[in-house]
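Enquirer: Have a look at the structure that comes next, please.
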Ligand SMILES: *[C@@H]1O[C@H](CO)[C@@H](O)[C@H](O)[C@H]1NC(C)=O
């Protein structure tokens, strides 16, 4: 406990007696321990991703535009602004939210970048996303859905992925305290904004996928940032009064055993862990057979069920390959067909991504089995949120396309393969 106390932020330190008492468990806006999270991400909306909307990138005619940063930097600002506004207005509307609710889901996770809140000097980002987040929260409330507000891009980039806003060879968030402090201020702003409506926004994710794989220098910053975020989210009024918002930490790509005992009750209240499970970002994983993909998904259940916080699989997909165009980055190929530098070809990508009209019935049967294996396995924890609701040209990833194509059931508890995990 002492080691933990010394690394608490000043804000939390001054409020520590209340936390240590642990006498005031929060009143969460969703019963995370007793009801399963079943949800979908609204990817590629308020943070651009080249693979989700390749047309926005192809239409620039500039192959160096590879993320939202360069999208705003390397074309006329008026064009970028007009394209973004059109995209924000059309990619997700209230009818999408209604369709998600009608599909029996209870959560949407909405990625948003720091630049929706503030843009620093020399940063090309265009803001204007925040009113759309607020609209989506209204639509979610209208349709009985819960919203996870997910900070997906931090200043300097927390992982160097294009989906953080900035594709970099090495991330720059953790090594610069100004970046971290700016992020703290944004989390305070988000927490305060939604503290009064935890029935619709029960949970905030203070940072998506920080690059824990880069080592302890990153992990030390992440751990401290999780302490600070706890204070910022649990005490959203700037006083000692506690709020009811659940804090959703990301595992920073560490095994759950690394986080065992971190921010657990009774000293900490209302903390959940987010883990992302993909099976296509390495040669070994894209080389798996269908049965191996299913077995690997089923094998996740034991570590999920024994973890000591609420554990949500906040990103996963029925797609078994990295074939979707630009999935590994604009201009980067796929491991599966050997077009990714240094990869070994497994097979042709034809019929495995793009439009479902090219999917064979046996592929669709596999997608259904793999989807069910994951859902059943991840419900050994606190539930799941599929990545992602829609994509321009990657139906293997799209919840909407899966509903239309029949490999995702209209009711997510309606299994065709109830014993798929044995
Ligand atoms: C740290 O990041 C800030 C922006 O958040 C930037 O202005 C500053 O130059 C960076 N400092 C260093 C040493 O890179």
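Enquirer: With 341, 357, 362 as the choices, which residue is outside any helix (DSSP H, G or I) and surrounded by fewer than 18 Cβ atoms within 10 Å (Cβ to Cβ)?
Expert: Details: 357 fails: outside any helix (DSSP H, G or I); 362 fails: outside any helix (DSSP H, G or I).
Result of the check over 341, 357, 362: 341.
Enquirer: Quick check on residue 58: is it farther than 22 Å from residue 152 by Cβ and at pLDDT below 95?
Expert: no
Enquirer: For the stretch 101-115, what are the residues that are within 16 Å of the ligand (Cβ to nearest atom) and in a helix (DSSP H, G or I)? Walk me through how you get there before you give the answer.
Expert: Quick first cut of the stretch 101-115, residues within 16 Å of the ligand (Cβ to nearest atom) only: 113-115.
If the condition is that a residue be within 16 Å of the ligand (Cβ to nearest atom) and in a helix (DSSP H, G or I), then 114, 115 are the ones that fit.
Enquirer: Let me ask something else. Residues to consider are 224, 241, 291, 254; find the one that is over 18 Å from the mean Cα position of the chain (by Cα) and in contact (Cβ under 8 Å) with a residue 40 or more places away in the chain.
Expert: 224
Enquirer: Additional query: Under 8 Å between Cβ atoms, at least 6 apart or on separate chains: pull out the pairs that start in the stretch 149-177 with a residue that is closer than 16 Å to residue 50 by Cβ and end on any residue that is at pLDDT below 95 and surrounded by fewer than 24 Cβ atoms within 10 Å (Cβ to Cβ).
Expert: Sorted first by the residue in the stretch 149-177, then by its partner, the list stays empty.
Enquirer: Among the residues of the stretch 131-147, is there at least one that is in a strand (DSSP E or B), under 21 Å from the mean Cα position of the chain (by Cα) and within 23 Å of residue 386 (Cβ to Cβ)? Break it down stepwise before answering.
Expert: Within the stretch 131-147, the subset in a strand (DSSP E or B) is 146-147.
Going one step further and asking which of them are under 21 Å from the mean Cα position of the chain (by Cα), we end up with 146-147.
If we keep only those that are within 23 Å of residue 386 (Cβ to Cβ) too, we end up with 146-147.
Checking the stretch 131-147: at least one residue is in a strand (DSSP E or B), under 21 Å from the mean Cα position of the chain (by Cα) and within 23 Å of residue 386 (Cβ to Cβ).
Enquirer: For the stretch 158-196, enumerate the residues that are farther than 15 Å from residue 119 by Cα, assigned to a loop (DSSP other than H, G, I, E, B) and within 15 Å of the ligand (Cβ to nearest atom).
Expert: If the condition is that a residue be farther than 15 Å from residue 119 by Cα, assigned to a loop (DSSP other than H, G, I, E, B) and within 15 Å of the ligand (Cβ to nearest atom), then 158, 168, 170, 171, 172, 174, 175, 176 are the ones that fit.
Enquirer: Taking the residues in the stretch 388-422 that are over 24 Å from the mean Cα position of the chain (by Cα) and free of Cβ contacts under 8 Å to residues at least 12 places away in the same chain as candidates, determine which candidate is nearest to residue 356 (Cα to Cα).
Expert: The residue in question is 414.
Enquirer: Oh, and also: Name the pairs: first residue in the stretch 312-332 and within 30 Å of residue 34 (Cβ to Cβ), second residue assigned to a loop (DSSP other than H, G, I, E, B), Cβ to Cβ under 6 Å, at least 6 apart or on different chains?
Expert: Close Cβ pairs (under 6 Å, with a partner that is assigned to a loop (DSSP other than H, G, I, E, B)) amount to 312/382; 313/277; 315/387; 316/277; 317/387; 317/397.
Enquirer: Kindly indicate whether residue 135 is closer than 22 Å to residue 85 by Cβ, away from the ligand (no atom under 12 Å from the Cβ) and surrounded by fewer than 24 Cβ atoms within 10 Å (Cβ to Cβ).
Expert: yes
Enquirer: Out of all the residues in the stretch 250-257, is one or more assigned to a strand (DSSP E or B) and within 26 Å of residue 149 (Cα to Cα)?
Expert: yes
Enquirer: Out of curiosity, is residue 296 surrounded by fewer than 19 Cβ atoms within 10 Å (Cβ to Cβ), free of Cβ contacts under 8 Å to residues at least 24 places away in the same chain, part of a helix (DSSP H, G or I) and under 24 Å from the mean Cα position of the chain (by Cα)?
Expert: When the stated conditions are applied, residue 296 passes them.
Enquirer: Determine which member of the set 376, 291 is in a helix (DSSP H, G or I) and touching a helix residue (DSSP H, G or I) at 6+ places or on another chain (Cβ under 8 Å).
Expert: None of the other options fit; the residue is 376.
Enquirer: Kindly provide the set of residues from the stretch 223-238 that are farther than 16 Å from residue 202 by Cβ, modelled with pLDDT of 95 or more and assigned to a loop (DSSP other than H, G, I, E, B), ordered by number.
Expert: Once the filter is applied, which keeps residues that are farther than 16 Å from residue 202 by Cβ, modelled with pLDDT of 95 or more and assigned to a loop (DSSP other than H, G, I, E, B), the stretch 223-238 yields 235, 237.
The values are calculated or read from the model by the stated rules, or taken from the named source; none is laboratory data. All of these numbers come straight from a predicted model, not from anything done at the bench. Counting neighbours? That spans all protein chains shown, and the Cβs are built from the backbone with ideal geometry, glycine included.
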